Amino acid sequence: MTGQVLVLGGTGEARQLAAALVADGVDVLSSLAGRTAEPVLPEGPVRVGGFGGAEGLADWLAEHRPRAVVDATHPFAAGITASAAAAAAARGTPLLRLQRPGWTPQPGDDWRSVGSLAEAAAAVADRSSVFLTTGRQGVRAFADLPGRVLVRSVDPPDEPLPAGATLLLDRGPFSVADELALMREHAVDVVVTKDSGGHLTEAKLTAARELGIPVVLVRRPPLPAGVETVATVDEALAWLRGR
């Protein structure tokens, strides 16, 4: 495989892909949006900061002419994914979307699927103790909740918190035992999360199942039409080796 590969995203899959490419001697550049204060950095060269939307990324592709782009950003990074699709199409750069599968309900789960954070807030408005694990962006949607709200995120939210909020700054992975203890300590009666998928943060779902606590799950935004998508790092490596 010759030519540079641009990997977008700070996800675990992005880091695994970068490490595999570095091990293969591939010229890889990882790009992070810079929204996390202390990100976990991948192996190899890293750039931090946005490109300036689809037009800025298209200009970057025209200047640097990478062999391919792999969009391995978070499943809810819809803006970046849309920009990558538009820029790659404009410049004729091969693009692959690497996106881990969403979670699958297990026997005993009590899940309610909603289409947005606003719908999630409406669904839990009558609850007395909400465990909010949707990240620091979009917390504003829950600002009017009347009950207790445990807000967990890696970095402090920039948006207003609910009046009854307790902010917990922490980064996964989390164990089932820790999640059980946390939910019991705060008498959680509903969990709100995004369908991020993966194993790093799914312990809260197991804990909710064991405690009989319902989960409000925000569905993923749709992917741009026509973008080839794979679910695993191995599939992404196979795709790149075929370029």
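Of note:
- Over the chain, accessible surface divided per residue gives 47 Å², non-protein components excluded, 1.4 Å probe.
- Vicinal HN-Hα couplings computed from phi for segment 76-92 (Karplus, 6.51 cos²θ - 1.76 cosθ + 1.60; Hz; Gly/Pro x): 9, 7, 4, x, 5, 5, 5, 5, 4, 5, 5, 5, 5, 5, 5, 9, x
- Classification of segment 195-243 by its C-alpha gyration tensor yields an oblate form. The axis ratio a/c (a ≥ b ≥ c) is 1.5 or more, and b/c is at least a/b.
- Degrees, to the nearest 10: 176-185 long Cα axis against longest axis of the chain: 40 degrees
- DSSP bridge orientation in the chain - percent antiparallel, rounded to nearest 5: 0 percent
- Rh by Kirkwood over Cα pairs, then Stokes-Einstein D for segment 50-95 at 1.567 mPa s and 4 °C, µm²/s: 125 µm²/s
- Simple spin-label estimate for residue 78 and residue 55 gives 2.3 nm between the two label positions (7 Å along the Cα-to-Cβ direction from each Cα).
- Extended-chain gain in nm, criterion 0.36 nm per residue less alpha-carbon gap, residue 210 and residue 195: 3.5 nm
- Theoretical gain in end-to-end length, residue 228 to residue 27 [0.36 nm per residue, Cα-Cα removed]: 70.2 nm
- The simple Förster model, with R0 at 30 Å and r as the Cβ-Cβ distance, assigns residue 38 and residue 89 a FRET efficiency of 0.30.
- Cα gyration tensor shape for segment 80-235, rounded if a/c is under 1.5, else prolate or oblate: prolate
- Using only side-chain charges placed at the Cβ, +1 for Lys and Arg and -1 for Asp and Glu, the dipole size of segment 82-157 relative to its Cα centre rounds to 320 debye.
- Dividing the summed helix terms, -39500 (n - 2.57) for each DSSP H run of n ≥ 4, by the number of residues in the chain produces a 222 nm estimate of -9000 deg cm²/dmol to the nearest 500.
- Projecting the Cα positions of 142, 232, 3 onto the charge dipole of the chain (unit charges on Cβ atoms of Lys, Arg, Asp and Glu, taken about the Cα centre) puts 3 furthest along the positive direction.
- The accessible surface of the chain, taken with every protein chain in place and a 1.4 Å probe, is 50 percent carbon and sulfur.
- Segment 1-111: Rg to Rh, with Rh as the Kirkwood radius over Cα pairs: 1.02
- Summarising the label geometry, the points placed 7 Å from Cα in the beta-carbon direction at residue 67 and residue 122 lie 4.9 nm from one another.
- Length added when fully stretched, residue 184-residue 159, from 0.36 nm per residue minus Cα-Cα: 6.3 nm
- Sites residue 235 and residue 168, calculated FRET efficiency, Cβ-Cβ separation with R0 41 Å, nearest 0.05: 0.70
- Charge dipole of the chain about the Cα centre (unit charges at C-beta), most positive-ward option of 128, 25, 75: 25
- Rounded to 10°, Cα long-axis angle of helix 12-23 versus longest principal axis of the chain: 30 degrees
- Computed from phi, the 3J(HN,Hα) profile of segment 204-217 under the Karplus parametrisation 6.51, -1.76, 1.60 (θ = phi - 60°) reads 5, 5, 5, 5, 4, 4, 5, 8, x, 9, x, 10, 9, 10 Hz, with x in place of Gly and Pro.
- Take each peptide in 178-191, 101-114, 217-230, 77-90, count the other Cβ atoms within 10 Å of every residue, and average; sorted highest first, the result is 77-90, 178-191, 217-230, 101-114.
The values are calculated or read from the model by the stated rules, or taken from the named source; none is laboratory data. Only a predicted model underlies this, so the values are computations on that prediction, with no experimental measurement involved. Every residue, glycine as well, gets a Cβ built from its backbone with ideal geometry; the counts of neighbours run over all protein chains shown. For accessibility, only protein heavy atoms count, side chains too; no ligands or nucleic acids. Shrake-Rupley method; radii C 1.70, N 1.55, O 1.52, S 1.80 Å.
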